[in-house]
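Throughout, read-outs are computed from the coordinates displayed, never taken from laboratory work. The shown structure was predicted, so the numbers you read here are calculated from the model rather than taken from an experiment. Note: ideal-geometry Cβ built from the backbone for every residue, glycine included; neighbour counts use all protein chains shown.
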């Protein structure tokens, strides 16, 4: 029973860390540009399809496909930000929601056109299959790998934001765009690069997550709520908030589906409504 | 917020010239509106083979009007309005499955149940900002969807609720396969509810909603309890959505799980924006254009349909704010600009 619980907890954390990886970019774009981007899942889907294509059609090894998924999503994010998104930073939230729903629909239709409506299979390398024993607990090897990658990425992201010049520029732009621009920071360039970074991380998450989340053209719609949830519950514009929220949601979702399968996804939506009522501004709020 | 910036950047006299002269609420029916309402009747005689589609357009139009109240007038971004539509539909459906087939009382019951749910939801919705509102409405809609999905012994789950026995309207008119009765029933309900909503938005209450949308910080200083008005309009929107849902359930004698789904909420927002928000008629025009286009293009290929609707949304947001009616209004302004200069 206890080992069972530990297993659920572990799976929940792995699931949550994947959610965090995909959503962290969304948190930054919402906090920084005040942009509600419902199309964020489309970037994750793009990363997933890039990864699948590289693996099955070009025989690229699994580990090498992940950075390429990151780069592809980041590039597409950069181009879209420069061409389309930046026109809408000052627009109303309704316009942003509509615009990004439109992009999502186009991404879904595009993916169906090129890859068909079915689930994409992913063949993991041998060393990521099966179970490994960790502290006397049998857990999926891929889950361990997933958590490892997310920990690495999170640490790198934390260092980037807290310790580098670019990170300082990001923080300054989030806090006060006008003042940051007045200090000579090229805010629009910082926005573009941050957007690209967020999209790239989503792509990486999409590539990593095929085995856990699955990959089919409805991916951006199916998981949109989860990504938004992580950001809305965690508080936009921070790293720690979405991390905490993603882990909580991941654990509750996995536990809910394991222990009370008859109520299904109900647990997570109820949790969301409760959390949003208790913390209307998110669990962590960035102090300006 | 717009009102603030405009006042600050432009001379006061210029702003005053841009606004219509202050007047009391005027809800006299314009000739153009009367023509508009004659269109469905003309369609009834011109396309007798499409009565089912026309009825559905009117019902979805009613649903879009309910969203226009809360989104177009009060400015609450809701991505879960299908929750109330579905509640109304399931209420009317379940009543008639369990032997209460009288249509009018079923319709009212759908509106009442949706209204109660709307009232309860409204207190959560007005608490937050745009993102929180969006998530709460979405979350409640998804919860209801899950509930209806899992409670298959009541709702039929994914198979939908069938076996509805809807009685005769007024005890005389039986719902026929051609959709004659369904057409007139839908048309009458749409027209009556629309007329009431039209009166509401032209009343001081409706004007205060526009005030809240344009400058929420100023309204308390005019003595307006913003949250109470938002709760009021959200409940009203939910009632109308419930009526639309009940109407669809009764005329099609079926309730599908998709009546609660996210795609329905999203499509509804698209219709409204396509037609133009904050005009009531925009909701009807948008619903008609959307449904006709869907009927035509989705028949060719559903995937293309989704792609084009996405492209259309992006283009509307970037280039055509205000939708179809907004564009028409701008054209009218070009044709007769002298109207502006009248004192």
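Figures for the structure shown
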read-out: Highest-fluctuation residue, B:193, B:77, B:35 considered, GNM on chain B with Cα pairs under 10 Å; value: B:35
read-out: Normalised contact order of region B:31-261, rounded percent, pairs of Cα under 8 Å and 6 or more residues apart; value: 41
read-out: Volume per residue that the Cα convex hull of region B:198-274 spans, once the total is divided by residue count, Å³; value: 119
read-out: Cα gyration tensor shape of region B:31-261, rounded if a/c is under 1.5, else prolate or oblate by comparing a/b with b/c; value: oblate
read-out: Cα-projected label distance for residue A:162 with residue A:92, points at 7 Å along beta-carbon direction, nm; value: 4.1
read-out: Estimated [θ] at 222 nm from DSSP helical runs (n ≥ 4, -39500 (n - 2.57)) normalised by residues in chain B, nearest 500; value: -23000 deg cm²/dmol
read-out: Cα-based helix-to-principal-axis angle, A:219-234 vs chain A, degrees rounded to 10; value: 70
read-out: Burial ordering of A:226, B:73, A:113, fewest other beta-carbon atoms within 10 Å first; value: A:113, A:226, B:73
read-out: Cβ-derived FRET efficiency at R0 35 Å, residue A:84 paired with residue B:153, nearest 0.05; value: 0.15
read-out: Rg ratio (alpha-carbon, reference 2.2 N^0.38 Å) - the protein assembly as shown; value: 1.01
read-out: Cα gyration tensor shape for region A:1-91, rounded if a/c is under 1.5, else prolate or oblate; value: oblate
read-out: Contact order normalised by residue count of region A:1-94, Cα under 8 Å, 6+ apart, percent; value: 23
read-out: Label-point separation in nm, residue B:30 to residue A:263, each point 7 Å along Cα→Cβ; value: 5.2
read-out: Whole-Å distance, taken between Cα centres, linking region A:41-89 and region B:241-306; value: 33
read-out: Label-point gap, in nm, between residue B:165 and residue B:102 - each point 7 angstrom along Cα→Cβ; value: 1.6
read-out: For region A:121-140 versus region A:184-244, the gap between their alpha-carbon centres in whole angstrom; value: 26
read-out: Relative contact order (percent, whole number), region A:8-278, Cα cutoff 8 Å, 6+ residue spacing; value: 43
